[in-house]
Each structure stands twice: as C-alpha cells, then as structure tokens.
Amino acid sequence: MPSALPLGDPAPADGLLPAGCIEGATERDFCVYVHIPFCAVRCGYCDFNTYTAHELGSGSSQDTYAAAASSELAFGAGVLRASGLPDREVSTVFFGGGTPTLLPATDLASVLATIRATWGLREGAEVTTEANPDSVTPESLATLAQAGFTRVSFGMQSAVPHVLKTLDRTHRPERVGQAVRWAREAGLEVSVDLIYGTPGETLADWRTSVETALSYEPDHISAYALIIEDGTRLAAQIRRGEVPDIDDDDHADKYLLAEELLTAAGFGWYEVSNWSRSEATRCRHNLAYWKGADWWGAGPGAHSHVGGLRWWNVKHPAAYQQRVDAGISPAAGRETPDEQARLLERTMLLTRIIDGLPTSALPASGRQAVAGLISAGLVEGPAAVQGTVVPTLRGRLLADTIVRRLLDF
Amino acid sequence: MPFRGVTLRPVLVRGTGLALLLAGLECPERLGAQSHQPVDGSWIDLHGATLTARRPAGAQAGEPESWKNGVLRSARKQFVIQQSQSEVTHVSPMARTAPVPAATDPAIIRNFCIIAHIDHGKSTLADRMLQSTGIVSHRDMKAQYLDRMDIERERGITIKSQAVRMPWEVDGTAYALNMIDTPGHVDFTYEVSRSLAACEGAVLLVDAAQGIEAQTLANLYLAMENDLTIIPVLNKIDLPAAQPEKYAAELAGLIGGDPEDVLRVSGKTGEGVEVLLDKIVRDLPAPVGDVNAPARAMIFDSVYDTYRGVVTYVRVVDGQLSPREKIQMMSTRTTHELLEIGVSSPEPTPSKGLGVGEVGYLITGVKDVRQSKVGDTVTTFNKPAQESLGGYEDPKPMVFSGLYPIDGSDYPVLRDALDKLLLNDAALTFEPETSVALGFGFRVGFLGLLHLEITRERLESEFNLDLISTAPNVVYEVMKEDRSMVTVTNPSEFPAGKIMEVHEPMVAGTILTPNEFVGAVMELCQSRRGQMRGMDYLSEDRVELRYWLPLAEIVFDFFDILKSKTRGYASLDWKADGEQVADLVKVDILLQGEQVDAFSAITHKDKAYSYGVMMTSKLRELIPRQQFEVPIQAAIGSRIIARESIRAIRKDVLAKCYGGDISRKRKLLEKQKEGKKRMKMVGRVEVPQEAFIAALSSDGSKDKAKK
C-alpha cells in the first residue's frame, strides 16, 4: 500500500508559483525527477507509490505513461516561465520508481529527450535511472547510454537468498553482477542499492551482501536501513509475529560494519546512507535534495521544490493521467514552510552530508549546542571550529538527536 | 367507573382518604378485594395507580365501614391526586394529624436507620417509604431521592447521610418517624457510628438473593454496640433468585429470634413496606431525654449547600432548640446564631424548634463544615450543658496520596477545587507538596480508598482537571535512634539513617466468603501479613473470617484480588484497629543515580525486593532510550536491591528521504518536538509524562475498580 501524501494547502489548477519562489533562482541548480509508478510485483516492505499491472486498473497504462510524463514536463516548463522564473538548464535527472526499467528503454529515452528539448541539459549533466537487475539487457542499457543516461542504480538489496525472499525480491543474486558488467560495458556509472536490517538477516549475511556488492566494483553504494512502514505486508507479518521485528541496535551494528567494509575498499561516505568511490561519483541528484536545490518532480505522487515552495502530485496514475490530459496541474497539495520549518529542514538535511551545515545558519542557542555535540562525540570538532557542523560516524546514526539538540527540542 | 352517588368538590380534595371521608363515601363492594379502581377523572385523577387495600381480617363483603377503612388507608399512603384546577398536591393525610415538630411527645417518635450493603436496595426502600407515607409523590420522586450528589447516584453509593421525618399512623395514633440515612461504605465508619447513635433502632436490610455482606455485618455490630433494636428485613423478594428461607435463617441466626419474624419486602414493588412501617412503630423504643435539662443535640451530619451554607443535621437528646437562639458547639465553644431550624420531609421545612428525641436540621450561616463537625454536641449559649454527649472524634485520614495536575499550570485550579471540596467534606485534609518528577501538587489525606476515588473523580468531573495520583500510602510512626518519633505521611518524609522502630496502622478485617474459597482467602490474607483472629460458619456454606491486617496491605489492590480469587463472592469490611511494629523499609527508585521521589515506597522488608524488581522493570519498558545508558536502581538506603538499565540509543536517523518528500521527514521531527513538551527531566534523563502515569497507575486500584 503506498504511503499517504502530506497534508498541505490546495494547489491551484494552473500550477502557478508565488512570486517568492523566484528570488535567488539563478544561484540554485535545477533538477528533474521522473517517477515511474510501475512494478512487476509489489515487495512486502515497500510503501512507495507504485502499482503492479494487477493493481493499476483502468484509466492509465504503462504504454502511454511516457507520453503523460512528457506532457507534465512540458506543462511544467510553461508554469515556471509563466511564474517568472528564469530559464535554467537541467543539472541532474533521476528516474525513480517503481521500476523505471519496466518501461522500454526507448520510453525512458523519449522522456529524457523531452527534458532536453524543454529546458536543455547542462554540460556534464548527471542522468540516472533506477533499475531492477532482472529488467535490463545489454541492449536496453546501451539504448539508455546512447540517449544520454550517465548512471544506473541497481536495486540489489541483498546477496543472500533468504533475505531477498523476506523482502519479496524476485531476482537471482548472481544476476546483479552480470547487470553491473553490462552497464559498465555500455559506459554507464553504476551504483548498487543495499538494504540492511531485514528481519532474519544476520551480521554475517550483511557482510556477505556488502562484500558481494563490492566485488562488482561499482562506483557508488547506497545502504538503507529497512523501515517497517505502516500498511505494508511486512508490517502485518511482524504484527502477527510471523517475522521478527527489526531492531535499532542491529541496524547500528550493520551500519558500522558497512562503514568499515566500504572504507576499507576505498569508498567514502558523503551522506548518511551513501558512499562513493570518489568525489566525482557522488550522486549529485541526491545531493541536490539535501542542499535545497530546485527540482520538478513529474509523475504520480512525485514531490517538487522550487524556491521554498513544496508540492506533490496526485497519487494514482489514473487520476494523474486525467489531469495531465486535461492540461491542468497534477499537484494535489502544496506548502510553503515558514521560517522555523525551513530552519528545521535545512538543519536536518545538511547535517546528513559531509559538506555539513554552516554554524552561521543556526540560532545562537544552536551554535552554543554545538560544543555539547562535539563533546558527546556526535559532531566533528575540527570542522565545527571552521564553521561547519559535520556528523561523526556516531553522529550519522544519531542525526535526529543532532537536529534536536541544535534546535533545542 | 366513578364512585356510586358521590360528588367530590375540588376544594375539599387534599388527599383521597380525606376526600372520601368528607364525602361520607360508601365504597363499592368489589373495591374491597385487592383491585384496580380508576376514579372519575373529572374530579380526581389517580393516574391509574393501584389500590392495594386489603379486606380486613374478618370483614365480610358488603360491610361498608370495613371497606372504607381499607380504601382510606391505602389511598392516603399511596396516591397522588391532581385537582382538576391543575393544582398539584401531595397526598398527606397525616398532615392534618402529623405530630408538629417542637411539640411532639417523645413517646410518638421513632428514630431509625437502615443498615444495608451497597446494591441491597436501601435507597429504593427509602424511596418507597417516602411514597408510602405520602410525603413524596410519584412524579416528584427522583430515583433514590435521598442520594443527592450526582456521583452518588452514578455509583449507587450513599456518601452523605440525611434524615427525613415521615408521619405514620398505627392504631389511630399518628407517629413521627425519622429515617436517618447512613453511608454504606466502610470508609465512612465514623459517620455511620454517629448516625447510629442518633437512632433507637435499625432496619437490617439484606438482599434475599445474596445474603448478608461483611460491611453490613460490621455496621450491624456497630448498631448492636449502640444498643439499637434491630428489625431484620429481606429485600428484593420479587427476584427469581431470591432465597428468603435460607437468608431468613441466616439473619435469625445472627441476631437471635425466629426466621418467621424476618420481614420480607420488595422496595421495587412496594410489597411489605407498610408492614415494615407498622413494625418500626411497634417494635422500636421511643427516645428518652430530659425535657427540662440544658439542650444537648448530637451532630450526625453536616452538609455544605451553595445557597444556605452549612446545613447541620442533629438529634436532640435533652432540652429544646429554638429559632433565633444562640447555639454553641461544645468541642470548640464557638457560638452561632440559629438562623433556621426545621425538619426534612424530605424538603427542608422550618419549624418552631426541635424537642427531645427529634431529628432535624440547623442553619447558622456558617460556610465551612469544619465549624460544624460530625459527632460534636450542640447546646445553647444562654443555658449551656456542662457535659457533651461524648463519642466525638476528629476525622482521621487513613490513606494519603499525592495529587498532581498533569498540566502544571492547573495547580491553582486544583488548590481552589480542593478548598471547595473541603466545605463539604470535613474528613479531607491536604497540604502542598512538591515532587521532583511531578512538579507542584498536594498530599491529600482520605478516610479510605473509596474516599480517594470519589474525591479524585469529583476533581476531574466537577473541576475539569487531569490529575496524576501517586500510589496511596498509610501513615507510619517512625522512631529514630534518639527515640524521637516522626510521623510519615509521604515516603519522602521517611527519616534517613538508623531507625529503631516503625509502627504501621492495623485493621480488623472481616471477610465473608462461600466456604469453597476459604483456602484462597486465607492464602491471600497470609501473603498480606494477616494474622487470623477467628473463623465462623454463618450458615452451612458461608464463612466469616476475621483477620488482623496491616492497613497498607489492603489499600492497594487487596479488594480486587479478593474478588477475583472468590469469583466476586467474598465481601470485606475493615476498621482501624491499633498498630504494630513491623520490619518496614523505604525503597527508593533511582534513575542514573537520581532519586525519583514519586516512585519511593514504604514496604515490608520481605517485599522490598519484589517492589524494586517490579518498578525497575516497568520503568525500563516505559522510559525511552537516551544518549547514554541509564541505570535504574531500587535501593534501601545505600543498598541496591534491584537494577535494570536502559541501553543507550545508538541509531535514530531515518535513512531515506523518499524521492524528495522532505515534508514527511520534517513532520516526523516536528512531532517529536511536540512530544518533547511532555517530557520531565530527572537529572539528565528525559522521562515522558506518560511513563509516570503508567508506572503509578497500573497497580493502583483505580483503573481496575473502574473496569
């Protein structure tokens, strides 16, 4: 079951942005996210906005989806222009899901072509798609590379069959190595996504997964702690006692193990859940989120942010399709966080990354609190002295605590 | 069908009986047999009520006089009539002949109370008596008229007693019956004893389906100690489950006499109520006193009324009290002007005074019940009595609990609310108290657990307060090494350092149980450090067990456990009975070395360990993990007897941000921010208020009692 949308203000049908969004726009990167709301099967842990063919019903279709997303992007370019924002070339593009590679590579290529035609892609732009190792071929990867994709992120999750089974993942583990090889041959940068802390996963299982991922020699590795989301099948299984509950201490142990193995293999962290072989192979799209860049999110349930305004689209593909076809904004709601909320956002986002949060952004009480965080071992002392709050290894695990202490709650 | 050949004039109609008398009525024959007789609505509306006049023994059908008497009697006792000119009046034929207060010969006064267990139908029977004697009409009758406070009505418990004067005629003589309503609960034993002292007799009312209960037995003992004449009565004989033979035998066995003499009534249908009223007149002794002596009246109740101030209920023993007189309270020698004196029937009715043996109320304009204390003797200022009636005791709180507003800013509201309750509750005591954990509150003394619950409920419902109450405790006397004594009403007052002796209050407990549960009850009492004092079979299958128990062992959850071990059949009564020296210790709970006062408890040495283990493990579950490891210890002095620890939190970060859904993540943090407001700091440890509430309430009897 997909998670709920936030509560916010109603969004206008014309999608127009308030004037406040324009200020400083030329200084900010502009990015595009395209949501592909389709999966072959729904995984038991997943509450993302995605639908299997069986769940989808009528009123929308995978076949026409690329066209719908392209329409929204064209509409979006019009909205930004009409709202008075300057034209900006796109710095990064990210296709996420769902399973983007469930669509033919040519569909993804055509959406990218729309972006290029509408806004233009900046020189050296990063263009990523998420991919299921099962749904790529050497040909499809070559098509993507040719169309301008630079990066592919494989949902590997684990190398251990019983863990994959608990997660409902259908791919064979050995398939991942092959897919990574094909992607490299197509000239794409490669990231693999892992999930740790699945019920029943031992520390040794996790070590196996990390070591296996490293053996594929990717450029980038993401490791996410499993979150049990309300309404998912896994949550129900835990509630019924069929599957053991997850445990924060187990998560902490596994995080530390990942850090150890990845560091030893030459990777460095740059965000709580992300490690990269070099600074050049960090995911710039992801960093754009943390750093408060502007982005247009296209597709059902996608979130956008421009100059402090945040909005989100209707969730169901059929409702989405209807709005896009009618030429009205697919946004379901929006909000402009007030100053206090923006401070909270900025603090919680920047304290997750290696570039850190400038202490100058904090109120006086927060700057005072930094000293305590240094002595508690949660914040790097030398960086703080130079004016930036950067979490230590322990601090990365307790990032929420850092936020609470900085903002005194 | 109208009465034959009779014309009734509205002006004459004050009561059916009177009307019939004035009309010189000859009744139709068939009315004599127990029958229904609607009377012509144009003049008298009997609302289709039932005439239950019986054919007098030996009377023959067709004897007009006999029938007339039967109808008169029945009508005057039962009916309301409505005049056609819409004036509503009560049938009260006795009003013509009812003895007038201040001019009533003690020989025609009967003062009685009803002793009954909760739910055995005392209030219903009282209501029925009010109706039968004609002083309250059907329509004015609120169910359980005598129980005034809402909370009493909700719980079906009479907290405050009152007295009602009712006229009743036997063999042509009009009598004045004073029914003194008594609290049924053991917390109010002292008030019960004062009510009993105002009576010459008691109706012992027992549910014919349940038999006598321990509390009733206790009050029966009190009544017999006061030399009251007892009229045993079985109530609810209309119930299918009634076993009147069995319980009549039980009652006869208890108080002596023949099971045949046990009256059988139904408060619900009214059956037997008139016979009971007759028996009260015939069997109970009239009050005796010296008419010419200085006035002495005993206060048996004192109630605060918003409009009138304190209303004091008294029983005159000697002399006379008159309006506008200066009266004196003998315990304090304070004097008050007597603004109003009268009787309740059942609405307050001013009178020319109260004479020997009479029961009524006094109003002096006093605003605080503590100036008019139950048990005190009232005399006149001009001709004061030399000796008080005796038996006066200051109310003594037995159980203490800390009451704290959940919202600290409600503290002044709580203080005002307690002040208001005090106007009507002389037994309540309180003083400000501060708790590290709970902030500002009050240590409140109660007569017992029920008193605590009722007070707490009134504070919450009448004053809209959310409260935390700490675990109730009793009062200890602690002898220190230097032989000085310290009174401990709060564990925090327990002296540190070497202690010679700790004295704890004891109770004499009486438990009635079906004999199959005797083993379970004995086991429970033993586990509560009880010493057996005796055991008797009340009947073949009902056993009375008598134990000497520490009060502290029964204030917490004893009654609930007793009920659950006996499938609800056992009943308990207790009264304070001295003290004993016991091996008692104070167990402190420490969070990261900081003592949390709200969790300290005084327990027996043998139970200290289990309390420590229970509390530490409970807190481990309730307190969220912190930045650092938090040891939770239970200690006696500096000796640690139990320990747990809350491991340091290692991870709280949410790994993902859901494809740019920043709002969701921010809102999670904002929610934490809200939650933070309800945290209390104990040293460096953040403890959610809910943890305090859960730790303090889950073992209290309150929640269980409510279920």
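The values are calculated or read from the model by the stated rules, or taken from the named source; none is laboratory data. All of these numbers come straight from a predicted model, not from anything done at the bench. Every residue, glycine as well, gets a Cβ built from its backbone with ideal geometry; the counts of neighbours run over all protein chains shown. Accessible surface is based on the protein model in full, side chains and every heavy atom, while ligands, DNA and RNA are left aside. Shrake-Rupley method; radii C 1.70, N 1.55, O 1.52, S 1.80 Å.
Using the Karplus relation 6.51 cos²θ - 1.76 cosθ + 1.60 with θ = phi - 60°, the per-residue 3J(HN,Hα) values for region A:250-263 come to 4, 4, 5, 4, 6, 4, 5, 5, 4, 4, 5, 5, 5, 4 Hz, with x marking Gly and Pro.
In loop segments of region B:601-688 as defined by DSSP, there are no chymotrypsin sites (Phe, Trp or Tyr not before Pro) with at most 10 further C-beta atoms inside 10 Å of their C-beta.
About its Cα centre, the dipole of the protein assembly as shown is roughly 980 debye, where the only charges are +1 on Lys and Arg Cβ and -1 on Asp and Glu Cβ. When DSSP beta bridges are restricted to pairs lying wholly in the protein assembly as shown, around 70% turn out antiparallel. Scanning residues 5 or more positions from A:L121 or on other chains, those with amide H under 5 Å from its amide H are A:V90, with H placed 1.01 Å from N in the peptide plane. Shown are A:D294, B:D416, whose ranking by accessible area with a 1.4 Å probe and every protein chain present, most to least, is B:D416, A:D294.
What length, rounded to one decimal in nm, is gained on full extension from B:D482 through to B:A496, with 0.36 nm per residue of separation minus their alpha-carbon distance?
Numbers: separation 14, 0.36 × 14 = 5.04 nm, distance 1.29 nm.
Between B:D482 and B:A496, full extension yields 3.8 nm more.
Amide H to amide H distances under 5 Å link A:G15 with A:S329, where only residues 5 or more positions off or on other chains count and H is placed in the peptide plane.
Evaluated at q = 0.12, 0.16 Å⁻¹, a Debye calculation over the C-alpha positions of region A:19-290 (equal weights, vacuum) places log10 I(q)/I(0) at -0.79, -1.29.
Can you check what the net charge comes to around A:L103, using other residues whose Cβ is under 13 Å from the Cβ of A:L103 (Lys, Arg +1; Asp, Glu -1)? Taking every other residue near A:L103 into account, the sum is -3.
Can you tally the net charge around B:P688? Count Lys and Arg as +1, Asp and Glu as -1, for every other residue whose Cβ sits under 9 Å from the Cβ of B:P688. Display every interim value, and only then the final one.
Details: positive: B:R678, B:K680; negative: B:E686, B:E690.
Charge balance in the 9 Å sphere: 0.
The trypsin sites (Lys or Arg not before Pro) of region B:538-610 that DSSP puts in a loop, and whose beta carbon has at most 14 other beta carbons within 10 Å, are B:R567. For chain A, the mean residue ellipticity at 222 nm estimated from helices alone is -12000 deg cm²/dmol, where every DSSP H run of n ≥ 4 contributes -39500 (n - 2.57) and the total is divided by all residues, rounded to the nearest 500. Note on B:T489: accessible area approximately 30 square angstrom, rounded to 10, probe 1.4 Å, nucleic acids and ligands left out. Kirkwood radius, the protein assembly as shown, all distinct C-alpha pairs, inverse of mean reciprocal distance: 36.6 Å. Measuring between alpha carbons in the structure, the pairs from B:K373/B:K563; B:K498/B:K575; B:K268/B:K563; A:K254/A:K291 lying more than 30 angstrom apart are B:K373/B:K563; B:K498/B:K575.
All other residues with a Cβ under 9 Å from the Cβ of B:E477 taken together, and with Lys, Arg as +1 and Asp, Glu as -1, what is their net charge? Each step should come with its number before you reach the end.
Details: positive: none; negative: B:E501, B:E504, B:E579.
Result for the local shell: -3.
The accessible area of B:M614, taken with all protein chains in place and a 1.4 Å probe, comes to roughly 60 Å².
Projecting the Cα atoms of A:A361, A:T347, A:G381 onto the dipole axis of region A:338-409, where Lys and Arg carry +1 and Asp and Glu carry -1 at the beta carbon, places A:G381 farthest toward the positive end. Accessible area of B:I406 (1.4 Å probe, protein heavy atoms only, ligands and nucleic acids ignored): about 40 Å².
For region A:357-362, the Karplus equation 6.51 cos²θ - 1.76 cosθ + 1.60, evaluated at θ = phi - 60°, returns couplings of 10, x, 4, 5, 6, 8 Hz by residue, with Gly and Pro reported as x. When chain A is treated as a GNM with alpha-carbon contacts under 10 Å, the residue of A:P173, A:P138, A:P363 showing the greatest mean-square fluctuation is A:P363. The aspartates and glutamates within cross-link reach of B:K673, meaning a Cα-to-Cα straight distance under 15 Å and a gap of 8 or more places when in the same chain, are A:E345, A:D400, A:D408, B:D652, B:E686. Amide H contacts for B:F430 (H built 1.01 Å from N in the peptide plane; partners 5 or more residues away or on another chain; cut-off under 5 Å): B:G445. Solvent-accessible surface of protein heavy atoms, probed at 1.4 angstrom with all chains present, puts B:L622, A:L257 in the order B:L622, A:L257, largest first.
What the phi angles of region A:391-403 give under the Karplus curve with 6.51, -1.76 and 1.60, with θ = phi - 60°, is a coupling list of x, 7, 4, 5, x, 4, 6, 10, 4, 5, 4, 4, 4 Hz, glycine and proline written as x. Mean per-residue shielding of peptide A:395-407 is 4, counting Cβ atoms of other chains within 10 Å of each Cβ.
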